[in-house]
Amino acid sequence: MPPEAALLARPRSLPPRARLVRTGLRGLARSYRANSAWGSIMRSLFLSSANFAAFLRWTLTVAGCLAAVDAAAQPKPPVEFPPWTFRTKIDGAWLEGMPLSTSGNEVEFLCRDGSLRTFRSSDATETSKVSESFTSYGAGEMRSMLQREFGGKFDVSGTGHYLVVHPAGQRDYWAERFEQLYRSFVHYFSVRGVKVGRPEFPLVAIVVPTEREMYAYAAKEGTRLGRGVLGYYSTRSNRVILFDQSGGKASKKDWSENSDTIIHEAAHQTAFNTGVHRRWPAPPAWVVEGLGTMFEAPGVWNSETHRNREDRVNRGRLDGYKRIATQVNAAVIADMVATDRQYQTNPGGAYALGWALTYYLVETQPGKYRDYLNRANAHAKREPTPEQRLADFRAAFGEDLAMFHARFQRFMADEK
């Protein structure tokens, strides 16, 4: 056997890029041995079979390097932990909670106050196991912690599920409103067959007097906000943060200045704390924002008073969808399902389409929508790929996205 053939005959298990190199080398070897014009040129270049074999050895070394690079680039499976409570010090501050997983040197850590922290394992010092089970802080402990954090200018009011930090003297206005929205959320999904669990942590909402203070708080916790944001829910801190748009003049009877912001962000928080969504890894953006915008409609968040189907239509989002309807096709829907890029490139259109998809599915296929939420929540170890996200959608609603789009389009065309 010629030396170059012996080199190429060695069994090798190579990743895709290295296999391409090997395939090309086999073609070169066949050409070298062939009685053809190309073979004659190659023999004149390398002069001898030994020289050609040396060339192959060098190139196979390159292929081996490619194999090593590809192997190193493959994501390592995260290491899981039992549900134990640990205490550790990070940058001089104590954390108490449960490690969710580690990948390399990075630890994902669920704190007892419900926040998620990510840190390098090498930064953790004085780590010890506190308990062989995990429980959150109780409402009393959390209330004391929040009062120390925000000081005397704020009160902390409690209801059945909520702790609300707010300017002094507004207890009835803020705390009861959040609690009412929580009950509406649970009722809406329970009657549609979606399993709604009990929150593991007290739900925390922070209300600050001014927009400037909200942006300062967001910057302090590392959240970047765009212009015009009225409030937000952070999956990292597990808190709703907003500012009082009424300038301190709102009351229990008149809360219209803040209503849309409270409803949208409270829907996010409740969904992430009752098992409708997972906080880590987070579900697709259209699922999260579609649900939040759906809850802005009076017939969804206040179905006892607004009972007609037209009350469940978010008029502002419907108008936005009508403006982009002619641009929506099966490919656009596939892109929204598989990636979150539309929320970066065209946020207005993305919010409208996300609402329309969610409204259509909940109104016409609640059982399949429930199954899809379960599939989206099944990715517990790492974020799903775009291909996995699209496969989840097709498994729930059908393989033929063109047919799905046609039915969706007909349904939305009838909405006035």
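Side notes on the structure shown:
- In region 144-154, the residues that are surrounded by fewer than 18 Cβ atoms within 10 Å (Cβ to Cβ) and not aliphatic (A, V, I, L, M): 144, 147, 148, 149, 150, 151, 152, 153
- Residue 237 being more than 30 Å from residue 368 (Cα to Cα), in a loop (DSSP other than H, G, I, E, B) and either touching a residue at least 24 places away in the same chain (Cβ under 8 Å) or not assigned by TED's automatic domain parsing to the domain that holds residue 153 (or both): yes
- Annotation: of all residues in region 332-353 being in a loop (DSSP other than H, G, I, E, B) and not basic (Lys, Arg), the one that is farthest from residue 401 (Cα to Cα) is 346.
- If you check 359, 372 for being closer than 30 Å to residue 227 by Cβ and among the aromatic types (Phe, Trp, Tyr), only one passes: 359.
- Test: residue in region 157-171 that is closer than 21 Å to residue 305 by Cβ, in the same structural domain as residue 249 (by TED's automatic domain parsing) and buried (at least 16 other Cβ atoms within 10 Å of the Cβ): yes
- Scanning region 130-143 for residues that are over 12 Å from residue 203 (Cα atoms) and surrounded by 13 or more Cβ atoms within 10 Å (Cβ to Cβ) turns up 130, 131, 134, 141.
- The number of residues in region 378-391 being of a type outside the set (Gly, Ala, Ser) and either farther than 14 Å from residue 285 by Cα or exposed (fewer than 14 other Cβ atoms within 10 Å of the Cβ) (or both) comes to 7.
- Among (1) among the small types (Gly, Ala, Ser); (2) within 20 Å of residue 142 (Cβ to Cβ); (3) exposed (fewer than 14 other Cβ atoms within 10 Å of the Cβ) - the single one residue 205 does not satisfy: (3)
- One residue from 278, 309, 317 being of a type in the set (Lys, Arg) and surrounded by fewer than 17 Cβ atoms within 10 Å (Cβ to Cβ): 309
Okay, residues lined up against (1) surrounded by fewer than 16 Cβ atoms within 10 Å (Cβ to Cβ); (2) modelled with pLDDT of 95 or more; (3) part of a loop (DSSP other than H, G, I, E, B):
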{"site": "224", "(1), (2), (3)": "yes, no, yes"}
{"site": "227", "(1), (2), (3)": "yes, no, yes"}
{"site": "242", "(1), (2), (3)": "no, no, no"}
{"site": "245", "(1), (2), (3)": "no, no, yes"}
{"site": "250", "(1), (2), (3)": "no, no, yes"}
{"site": "253", "(1), (2), (3)": "yes, no, yes"}
{"site": "287", "(1), (2), (3)": "no, yes, no"}
{"site": "293", "(1), (2), (3)": "no, yes, no"}
{"site": "305", "(1), (2), (3)": "yes, no, yes"}
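- Residue list for region 372-401, restricted to those being touching a residue at least 60 places away in the same chain (Cβ under 8 Å), in a loop (DSSP other than H, G, I, E, B) and aliphatic (A, V, I, L, M): 380
- Just one residue in the set 279, 317 is under 24 Å from residue 229 (Cα atoms), at pLDDT below 90, touching a helix residue (DSSP H, G or I) at 6+ places or on another chain (Cβ under 6 Å) and not hydroxyl-bearing (Ser, Thr, Tyr); that residue is 279.
The values are calculated or read from the model by the stated rules, or taken from the named source; none is laboratory data. Just so you know, these numbers come straight off a predicted model, no measurement behind them. So basically every Cβ, Gly included, is an ideal-geometry build from the backbone, and we count neighbours across all protein chains shown.
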